[in-house]
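The values are calculated or read from the model by the stated rules, or taken from the named source; none is laboratory data. Note that the structure is predicted; figures quoted are calculated from it, not measured. All Cβ positions, glycine included, derive from the backbone under ideal geometry; neighbour counts span all protein chains shown.
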Amino acid sequence: MDSLAAIVEPLLEWYGRNARSLPWREEPAPYRVWVSEIMLQQTRAEAVKPYFARFLTELPDVPALASAPEQQLMKLWEGLGYYSRARNLQKAARVMVEQYGGTLPADYDALLKLPGIGPYTAGAVASIAYGIPVPAVDGNVLRVVMRLTAGWEDIADPAVKRAVERRMAEILPKDRPGDFNQAMMELGATVCAPGGEPKCLVCPLNALCEGYRQGIARELPVKAKKKARRIEERTVFLLVCDGELAIRKRADSGLLAGLWELPSAEGKLNPEGAAETLQEWGAQPVSIREMPAAKHIFSHVEWHMTGYWVDLTERPEGFTWAERETLQQEYALPSAFRAYLEAFTK
DNA sequence: AACCCGGGGTA
DNA sequence: TACCCAGGGTT
């Protein structure tokens, strides 16, 4: 198949009848489109919905985002993952306030220069919010194109992505770039879906699909395997004093940067090692109880956690203390710790 | 080019 | 389990 030009018309027709109703789609103001696109990076639309609603309520425009306290920002992002997205969102908002009068630049290259905005997001915002004719190639589009063309290229290869961007640019309808880009993604998300059997029988493009004709759509796309996760042992401490729990802020770079955590130490500490660590922290336990093991899986790391419940009557320095309720409402605590806490406390 | 960065859904 | 998800930044 030389050109994919033939897919444009049936795809747009299908999209007009089948587009999901999504909050950022109903009212595609640039700020809303941008925030939604950042949240949607590596994240399913269904997961984004509640976060998007809360975020837009609390931070309704670029200036509000630019001046938001870190604590509020991270709390709004808590549980969504890839927390640098939130920090870059605010960095970009500040650039917009300083350089663009508090609005998003209506220009692909200017968008691309902003923190957190790469080729996909720049294309999505430019085309959806401003009608600028540029492609937006994400995982959905790569999958759809590889199946349409029966292509066995490795979609993990950046050169393959660039080639697909070129092909999309060639056929992009200049009058409806935003609809076209969204239609490709919508098809990939709901019909030409990953995992399991694609719904070729209801696909508006099946008559044009080489992967379907050859019966290999299910096998595509090809993607190079990722490296296996490394395993890290951690020992978590529930330090309890007067009904309050000790937490502390994580380093501002690396995994879960700048979020809060339960005090923890590397390795699987036995009771003697735990006592030693508590001594280093200046904690004088009234009682120590060993807690069950738990596992938390990140995309590239696996934490094997054990823990100790430690009752204290005096508070060592270097920690922040919070009641369960306050912790819940005020502090951004990553899922790994939240799950551990909820599993072993009432 | 390789690695880092979350959390949840799904087969 | 392993893979995927409206990816981007750093080295």
Residue among A:PRO69, A:PRO60 that is away from DNA strand C (no atom under 16 Å from the Cβ) and closer than 27 Å to A:GLU186 by Cβ:
A:PRO60
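Residues in the stretch A:288-303 that are of a type in the set (Val, Ile, Thr) and within 12 Å of DNA strand B (Cβ to nearest atom): how many?
Our first condition is that a residue be of a type in the set (Val, Ile, Thr); within the stretch A:288-303, this holds for A:288, A:297, A:301.
In the following step, the residues that additionally are within 12 Å of DNA strand B (Cβ to nearest atom) were identified as A:297, A:301.
Total satisfying the criteria: 2.
Which residues, taken from the stretch A:188-215, are in a helix (DSSP H, G or I) and either surrounded by fewer than 20 Cβ atoms within 10 Å (Cβ to Cβ) or within 14 Å of DNA strand C (Cβ to nearest atom) (or both)? If you could, list the steps in order and put the result at the bottom.
Narrowing the stretch A:188-215 to residues in a helix (DSSP H, G or I): A:188-190, A:200-202, A:206-208, A:210-214.
Matches in the stretch A:188-215: A:GLY188, A:ALA189, A:THR190, A:CYS200, A:LEU201, A:VAL202, A:ASN206, A:ALA207, A:LEU208, A:GLU210, A:ARG213, A:GLN214.
Consider A:VAL164 carefully, then state whether it is assigned to a helix (DSSP H, G or I), free of Cβ contacts under 8 Å to residues at least 24 places away in the same chain and surrounded by 18 or more Cβ atoms within 10 Å (Cβ to Cβ). Can you show your working first?
Working: assigned to a helix (DSSP H, G or I): yes; free of Cβ contacts under 8 Å to residues at least 24 places away in the same chain: no; surrounded by 18 or more Cβ atoms within 10 Å (Cβ to Cβ): yes.
Criteria not met by A:VAL164.
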Taking the stretch A:295-337, which residues are without any contact (Cβ under 8 Å) to a residue 12 or more places away in the chain and of a type in the set (D, E, K, R)?
A:LYS295, A:GLU325
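For (1) over 18 Å from A:TYR82 (Cα atoms); (2) away from DNA strand B (no atom under 16 Å from the Cβ); (3) touching a Gly at 6+ places or on another chain (Cβ under 6 Å); (4) modelled with pLDDT of 95 or more, each residue gets a yes or a no:
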| residue | (1), (2), (3), (4) |
| --- | --- |
| A:GLU232 | yes, no, no, no |
| A:THR235 | yes, yes, no, yes |
| A:LEU238 | yes, yes, no, yes |
| A:ALA251 | no, no, no, no |
| A:LEU259 | no, no, no, yes |
| A:LEU262 | yes, no, no, yes |
| A:PRO271 | yes, yes, no, yes |
| A:GLU276 | yes, yes, no, yes |
| A:GLN279 | yes, yes, no, yes |
Kindly list the number of the only condition in (1) more than 16 Å from DNA strand C (Cβ to nearest atom); (2) assigned to a loop (DSSP other than H, G, I, E, B); (3) in contact with a Lys or Arg (Cβ under 9 Å, 6 or more places away or on another chain); (4) under 30 Å from A:LYS227 (Cβ atoms) that fails for A:ALA265.
(2)
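Going through the stretch A:115-131 one residue at a time, which ones are in contact with a Leu (Cβ under 9 Å, 6 or more places away or on another chain), away from DNA strand B (no atom under 16 Å from the Cβ) and β-branched (Val, Ile, Thr)?
First pass over the stretch A:115-131, keeping only residues in contact with a Leu (Cβ under 9 Å, 6 or more places away or on another chain): A:115-119, A:121-127, A:129-130.
Next, from what is left, pick out any that are away from DNA strand B (no atom under 16 Å from the Cβ): A:122-127, A:129-130.
Of everything in the stretch A:115-131, just one residue is in contact with a Leu (Cβ under 9 Å, 6 or more places away or on another chain), away from DNA strand B (no atom under 16 Å from the Cβ) and β-branched (Val, Ile, Thr), namely A:VAL125.
So in the stretch A:128-146, with the set limited to residues that are near DNA strand C (Cβ under 10 Å from one of its atoms), touching a residue at least 40 places away in the same chain (Cβ under 8 Å) and part of a loop (DSSP other than H, G, I, E, B), which one is surrounded by the most Cβ atoms within 10 Å (Cβ to Cβ)? Reasoning before the result, please.
Filtering the stretch A:128-146 down to residues near DNA strand C (Cβ under 10 Å from one of its atoms) leaves A:128, A:136-144.
From what is left, the residues that are touching a residue at least 40 places away in the same chain (Cβ under 8 Å) are A:128, A:136, A:138-144.
After this cut, where a residue has to be part of a loop (DSSP other than H, G, I, E, B) as well, the list is A:136, A:138.
Details: A:ALA136: 27, A:ASP138: 22.
My answer is A:ALA136.
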Hey, can you tell me all the residues within the stretch A:84-119 that are buried (at least 21 other Cβ atoms within 10 Å of the Cβ) and within 11 Å of DNA strand C (Cβ to nearest atom)?
A:LEU89, A:ALA92, A:LEU111, A:LEU114, A:ILE117
Would you list the helices (runs of 4 or more DSSP H) that sit entirely within the stretch A:5-123 and hold 1 or more residues that are among the β-branched types (Val, Ile, Thr)?
A:8-18, A:30-40, A:45-58, A:62-66, A:84-99
